[in-house]
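*Asks:* I'd like to ask some things about the structure below.
The values are calculated or read from the model by the stated rules, or taken from the named source; none is laboratory data. What you are looking at is a predicted structure, and each value in this text was computed from that prediction instead of being measured. Quick reminder, even Gly has a Cβ in these numbers, built from the backbone with ideal geometry, and neighbours come from all protein chains shown.
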Amino acid sequence: MNLPLKKPIIFFDLETTGTDIVRDKIVEITILRIDINQQENLHTYLINPERPIPPAVTKIHHITDEMVKDKPTFKELAHTIYQHFEGADIAGFNALKFDIPLLAEEFLRCNIDFSMKNRNIIDVQVIFHKMEQRNLSAAYKFYCKKDLENAHSSEADTVATYEILKAQLDFYPQLPKTIKELSQFSAHHRHADLYGHIIYNDKNEEVFNFGKYKGQLVADVLKKDSGYYGWLQNADFPLYTKKIITEIFLRENQK
């Protein structure tokens, strides 16, 4: 079945220099934008990460230093890539834990405020694991009855993810039928910062999910421990986490 869209949705996948969200860089991104009329627009960009790609990583996605040495950097492509995502919900495979956080870091390094507010996020992997407990290639074989050729290329993985979600909607009549409900179903937690360092409680209040103040309201901690904000900003946390903490800090100081 077609996706029940009220606004466009982006399916995307990254190939990177590694798995460290704070330090690693994107070497390839594929973006599949599905408009409300179900029209599909597919774009793939090879990106110069401005650092060597580890040989062990190249063995996985087959992208070499030679392939990207003359390609544009993420900074050079950032505004073009951002335009694809503008006004759209987002879907991916393992997107909540990896692809979205790393993409957000790349945008923030370019001083582009990539906000997740007013976006629904669907993680097809979460739906799959809740229903079947397998990986992308197995999901593609199970739902689409096809072998996934060129696995670990961003384009193959992106298109497969889109096809799997459509097949899941047909396969499981009990699944939610709106993008917002699918977003809620495929979420691990209600994260405020993409990484799970800050989550929402039942009252929709931001709560620390790590460290000595775990379980406490961010607003309360920033009020009672004036030095903690500075420590967080200087510590080795993702830029998006720091951005959310700053937003809370400024909001509370304006009250």
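*Asks:* Say we look at the stretch 142-186 and pick out the residues that are in contact with a helix residue (DSSP H, G or I) (Cβ under 7 Å, 6 or more places away or on another chain) and among the polar types (S, T, N, Q); which of these is surrounded by the most Cβ atoms within 10 Å (Cβ to Cβ)?
*Replies:* THR161
*Asks:* Scan the stretch 233-255 residue by residue and report those that are within 29 Å of ASP20 (Cα to Cα), assigned to a helix (DSSP H, G or I) and touching a residue at least 24 places away in the same chain (Cβ under 8 Å).
*Replies:* LEU239, TYR240, THR241, LYS243, ILE244, ILE245, ILE248, PHE249
*Asks:* Does the stretch 150-157 contain any residue that is assigned by TED's automatic domain parsing to the domain that holds VAL57, under 21 Å from the mean Cα position of the chain (by Cα) and of a type in the set (A, V, I, L, M, F, W, C)?
*Replies:* Yes, some residue in the stretch 150-157 is assigned by TED's automatic domain parsing to the domain that holds VAL57, under 21 Å from the mean Cα position of the chain (by Cα) and of a type in the set (A, V, I, L, M, F, W, C).
*Asks:* Is there a residue being outside any loop (DSSP other than H, G, I, E, B), more than 17 Å from ALA192 (Cβ to Cβ) and not β-branched (Val, Ile, Thr) anywhere in the stretch 109-119?
*Replies:* The answer is yes, given that some residue of the stretch 109-119 is outside any loop (DSSP other than H, G, I, E, B), more than 17 Å from ALA192 (Cβ to Cβ) and not β-branched (Val, Ile, Thr).
*Asks:* A further question follows. Within the stretch 147-176, count every residue that is closer than 22 Å to ASP89 by Cβ and among the acidic types (Asp, Glu).
*Replies:* Result for the stretch 147-176: 4.
*Asks:* Kindly indicate whether any position in the stretch 26-39 is among the basic types (Lys, Arg) and touching a residue at least 40 places away in the same chain (Cβ under 8 Å).
*Replies:* yes
*Asks:* Select, from THR17, THR30, the only residue that is under 30 Å from GLU181 (Cα atoms), of a type in the set (S, T, N, Q) and crowded, with 19+ Cβ neighbours inside 10 Å.
*Replies:* THR30
*Asks:* Now a separate question. Please count how many residues of the stretch 63-96 are exposed (fewer than 14 other Cβ atoms within 10 Å of the Cβ) and out of contact with any Ser or Thr (no Cβ under 7 Å at 6 or more places or on another chain).
*Replies:* Selection size over the stretch 63-96: 9.
*Asks:* If I ask for residues that are free of Cβ contacts under 8 Å to residues at least 24 places away in the same chain and either of a type in the set (Lys, Arg) or closer than 24 Å to ASN150 by Cβ (or both), which ones from the stretch 53-79 would you list?
*Replies:* If the condition is that a residue be free of Cβ contacts under 8 Å to residues at least 24 places away in the same chain and either of a type in the set (Lys, Arg) or closer than 24 Å to ASN150 by Cβ (or both), then PRO55, ALA56, THR58, LYS59, THR64, ASP65, GLU66, MET67, LYS69, ASP70 are the ones that fit.
*Asks:* Restricting attention to the stretch 216-232, does a residue exist that is in the same structural domain as LEU14 (by TED's automatic domain parsing), part of a helix (DSSP H, G or I), among the hydroxyl-bearing types (Ser, Thr, Tyr) and surrounded by 11 or more Cβ atoms within 10 Å (Cβ to Cβ)?
*Replies:* There is no residue in the stretch 216-232 that is in the same structural domain as LEU14 (by TED's automatic domain parsing), part of a helix (DSSP H, G or I), among the hydroxyl-bearing types (Ser, Thr, Tyr) and surrounded by 11 or more Cβ atoms within 10 Å (Cβ to Cβ).
*Asks:* Further question on the same structure: In the stretch 141-162, how many are touching a Phe, Trp or Tyr at 6+ places or on another chain (Cβ under 7 Å) and either assigned to a helix (DSSP H, G or I) or touching a residue at least 24 places away in the same chain (Cβ under 8 Å) (or both)?
*Replies:* The qualifying residues number 6.
*Asks:* Which condition number does MET67 fail, the rest of (1) aliphatic (A, V, I, L, M); (2) farther than 30 Å from LYS180 by Cβ; (3) assigned to a loop (DSSP other than H, G, I, E, B) being met?
*Replies:* Failed condition: (3).
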